[in-house]
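The values are calculated or read from the model by the stated rules, or taken from the named source; none is laboratory data. Only a predicted model underlies this, so the values are computations on that prediction, with no experimental measurement involved. Positions of Cβ are backbone-derived with ideal geometry, glycine not excepted, and every protein chain shown enters the neighbour counts.
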Amino acid sequence: MIRDLQELYRRDFDLVVIGGGAYGACAALDAATRGMSVALVEQDDFCSATSANHLKIVHGGIRYLQHLDLRRVRASSRERSALLRIAPHLVQPLPILMPTYGRGVEGRSILRAGFSLYDLTVADRNVGIRDPGRQIPRTRLLSRDRCLELCPKLEDDDLTGAGLFYEAQFYNPPRLVLAFLRSAVDAGACIANYVEATGFLREDATVRGIRVRDHLTGNDFDIRGHMVLNCTGPWAPRLLGSTANTQFDPPPTFSRDTGFVLRGHPIGDHALACRIRTKDPDAIVSRKGRHIFLVPWRDYTLVGVWHSVTEERPEDVNVSTDEISIFLEEINAVQPGLALHRDDVSMVYTGLTLFGENEPGQKDLRFGHRSLLIDHSRYHGVAGLLSLVGVRATMARGMAEKAVDLAREKLGMPSRPSQSAVTPVYGGDIDHFEDFVHAAVREHRHIYRPEVVRALIHNYGSEYKQVMCHADASPSLASTFGESTTLKAEVIHALREEMAQTLCDIVFRRTDLGTGGKPGEAILEQCAALAATEMHWNDRRRQEELANVRSRFPQ
């Protein structure tokens, strides 16, 4: 992927997408593969906001059973299946334990009934997933002894067993967004990061494109298009209100969703659903409290999510040290055997996500039910403009398909079915993931450690050798940063082939180096030195880049 701004202002596009998170990337891919000319711009780096800052769970809809909303269950299961099909290197099944207690609503009988309904509702969950290791098993109930065997630190007062169900998990959300974008580029899309939409081009009541500013040079220019799709998430209301003279009615509510990363696996190999004492007021069938999840992820454990309705600007959202301590106290109160401490936290993830209708400070929160897809010609009399604000990353592909359907209809284009649910993304040409990994480990065993090859395949999929090519040309790049699984060649690949512009882009979104916590000063210095040589940064710029990276880690 090459950052070619001239291509953006030379052409008129069928669709101009604003926002390079999961929803924007999926929209660009779906439109480009259906023959539309597409431009996409992102004000920061791709997948640098909410799309990267979540618990990395691909939801299959089981939680919507308590609302008896079977349509949402089906929709979520379809999207989980699609991601397992098209991104075998970046999405994998995730087993989750839900402990049962006593004989009431927390007991086995209620859970058994719910599981039976869920299995029936998502009976087609593995259609098109040929790899048995990537299929979603049926739910089942476990005995108390088996539950404690899988999670010895589980609080066992009144414990009667557990339910075992499966979701899926993102290995690395920014890498998946990059795979969507690379696939879109291969289909003809023109994309650029660090290009901010500052206004809409108007002809009377019709939007004809956007005015943008390149943050790397300060230059302003126009991108013309027959339809504009606003996928800027929590920035969407402000962009519309300040530059298009339109507003959501009613205005959307956003929640600051927070999770954090713990070093190691204190709970074992299965994720754990821990109940806490807040409820979902929309639930028809409600247990005593909602759940916080502890989720094994790579060499870490993810914990979350805490929701807090907020009116903060997206760029101002943060989590204090005191808040992290309170969150840990909540976990320790219900699972004291974990004995979590502030020093266990290596990384904090937080971002704004679309939520239900709540007042700031409300305790029992209404969760966001569905994404918003707005046709501004219908609601505001502004033609040529659509907005898509998503609820969760799981639904990005499906909602993007709906948005492109609407855009094509508004443009009078003939019907052309989407293939994005069945066509592998860039790097996704893998039939059986473990067989592919084992073959690659054997092929490269004399040069690379097995865990390095596995990490490469997770991040780059079937195209992992494109990274190794840089090491072939310069053997020093075949080494890793310290004991990590990240090759120095990945830095060069990020800068030359993946539009990385800053050290943060490399550390947090192109490689695994900083996604779980600070990799160490020596590794950061080595990475910065390599990037500085490639990008011709002087010492002042190198130090600024290092300072920006350091500021992202918990203090």
Looking at (1) free of Cβ contacts under 8 Å to residues at least 40 places away in the same chain; (2) in a helix (DSSP H, G or I); (3) touching a Phe, Trp or Tyr at 6+ places or on another chain (Cβ under 7 Å), find the lone condition where residue 513 falls short. (2)
Could you tell me whether residue 494 is of a type in the set (Gly, Ala, Ser), over 25 Å from the mean Cα position of the chain (by Cα) and either at pLDDT 95 or above or crowded, with 18+ Cβ neighbours inside 10 Å (or both)? no
Residues of region 434-457 satisfying the condition of being in a helix (DSSP H, G or I), aliphatic (A, V, I, L, M) and in contact (Cβ under 8 Å) with a residue 24 or more places away in the chain: 440, 452, 455, 456, 457
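Residue-by-condition table, conditions (1) more than 26 Å from residue 301 (Cα to Cα); (2) at pLDDT 90 or above; (3) in contact with a helix residue (DSSP H, G or I) (Cβ under 6 Å, 6 or more places away or on another chain); (4) part of a loop (DSSP other than H, G, I, E, B):
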residue	(1), (2), (3), (4)
331	no, no, no, no
343	no, yes, no, no
347	no, yes, no, no
350	no, yes, no, no
362	yes, no, no, yes
365	no, no, no, yes
368	no, no, no, yes
Would you say residue 480 is outside the structural domain of residue 191 (by TED's automatic domain parsing) and at pLDDT 95 or above? yes
Of all residues making up region 14-54, the number that are of a type in the set (D, E, K, R) and assigned to a loop (DSSP other than H, G, I, E, B): 4
Going by the structure shown, is residue 549 of a type in the set (A, V, I, L, M) and closer than 30 Å to residue 424 by Cβ? no
Yes or no: residue 310 at pLDDT below 90 and under 23 Å from residue 69 (Cβ atoms)? no
Suppose we keep only residues that are on the phi < 0 side of the Ramachandran plot and assigned to a loop (DSSP other than H, G, I, E, B) within region 238-258. Which one would you say is modelled with the lowest pLDDT? 244
Only one of 500, 528, 522 is small (Gly, Ala, Ser) and surrounded by fewer than 21 Cβ atoms within 10 Å (Cβ to Cβ). Can you tell me which? 522
Residue that is of a type in the set (Asp, Glu) and surrounded by 15 or more Cβ atoms within 10 Å (Cβ to Cβ), where the choices are 155, 149: 155
In region 482-491, what residues are surrounded by fewer than 23 Cβ atoms within 10 Å (Cβ to Cβ) and either among the hydrophobic types (A, V, I, L, M, F, W, C) or not in a loop (DSSP other than H, G, I, E, B) (or both)? 488
All conditions in (1) in contact with a Lys or Arg (Cβ under 8 Å, 6 or more places away or on another chain); (2) under 22 Å from residue 352 (Cβ atoms) are true of residue 53 except (1)
If the requirement is being under 26 Å from residue 261 (Cβ atoms) and at pLDDT 95 or above, which of these qualifies: 508, 553? 508
Per the list (1) surrounded by 19 or more Cβ atoms within 10 Å (Cβ to Cβ); (2) over 23 Å from the mean Cα position of the chain (by Cα); (3) of a type in the set (Ser, Thr, Tyr), residue check on residue 479 breaks on (1)
If I filter region 158-193 down to residues being on the phi > 0 side of the Ramachandran plot and in the same structural domain as residue 100 (by TED's automatic domain parsing), which single residue comes out as surrounded by the fewest Cβ atoms within 10 Å (Cβ to Cβ)? 158
Out of (1) part of a loop (DSSP other than H, G, I, E, B); (2) at pLDDT below 90; (3) β-branched (Val, Ile, Thr), what's the single condition that is false for residue 422? (2)
From the option list 439, 473, single residue qualifying as among the small types (Gly, Ala, Ser), surrounded by fewer than 18 Cβ atoms within 10 Å (Cβ to Cβ) and closer than 24 Å to residue 135 by Cβ is 439
Evaluate the following for residue 431: is it assigned to a loop (DSSP other than H, G, I, E, B) and within 27 Å of the chain's Cα centre (by Cα)? yes
Quick one: in region 194-219, which of the residues that are among the small types (Gly, Ala, Ser) and farther than 21 Å from residue 502 by Cβ is surrounded by the fewest Cβ atoms within 10 Å (Cβ to Cβ)? 205
